Structures are given as structure tokens and as C-alpha cells.
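The values are calculated or read from the model by the stated rules, or taken from the named source; none is laboratory data. The structure presented is a predicted model; accordingly, all values stated were derived computationally and were not measured. A quick note on method: Cβ atoms are made from the backbone with ideal geometry, for glycine too, and the neighbour counts reach across all protein chains shown. The protein model used for the area step is the full one, side chains on, heavy atoms only, and it has no ligands, DNA or RNA in it. Shrake-Rupley method; radii C 1.70, N 1.55, O 1.52, S 1.80 Å.
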Amino acid sequence: MQELELILSAVDVTSPSKDEIHTLIGNAASLRALSEQNEGSVRNLESQWHKIYIGWHAILGQLKVQVQSEPAKGFFGGLAKK
């Protein structure tokens, strides 16, 4: 969660939202919790996970483009300026 807060504070992210991510993590806190959920709940979590996963990969792609266009600053130097 600390790394998530670092990224969200440095990058303007609209999707996935912090609330969406916190909800997903709260609903899937452990393998035991997942195993005790009904099939509908698990399918909902899968859908949430997929949406967040795709969103984060889009953000990662944007960050890679920024880093490549500003190579002297490095990854975290580029994030710190935002």
C-alpha cells in the first residue's frame, strides 16, 4: 500500500481510483477469505482485478514513455517533478 500511495501522490491517476484498489484488497485480503466467498463474489473480484490490472499497465506504459523522453532524470526523478 505504501508503494501505491507513492505512485498516486506522484502521478495524476484517474483510473483505477484509490478507492477501487482499496476495495479490491479489502475484499481479497487472503487466500482463505477468497476460498470462503461464493462464486458470484469471486467473479466480481476477478472483474475488479482485471480492470485495475489493465489500468495500471496503461499507466506503466505512460511512465515508460516519460522516462525514455527524459533519460537524464531517471525514473524517480521524473516522478518527483509531477
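When the range 35-50 is filtered for residues that are in a helix (DSSP H, G or I) and open to solvent by 60 Å² or more (accessible area, probe 1.4 Å), the ones remaining, listed by number, are S35, E39, R43, N44, E46, S47, W49, H50. Which one is modelled with the lowest pLDDT among residues in the range 1-16 that are surrounded by fewer than 14 Cβ atoms within 10 Å (Cβ to Cβ) and either in a loop (DSSP other than H, G, I, E, B) or charged (D, E, K, R) (or both)? Filtering first and then ranking leaves M1. Based on this model, can you work out whether K64 counts as at negative phi, under 15 Å from the mean Cα position of the chain (by Cα) and open to solvent by 60 Å² or more (accessible area, probe 1.4 Å)? Judged against the criteria, K64 is not a match.
Scanning the range 11-30 for residues that are hydroxyl-bearing (S, T, Y) and farther than 19 Å from L60 by Cβ turns up T23, S30. For A29, the conditions (1) in a helix (DSSP H, G or I); (2) surrounded by fewer than 13 Cβ atoms within 10 Å (Cβ to Cβ) are fulfilled apart from (1).
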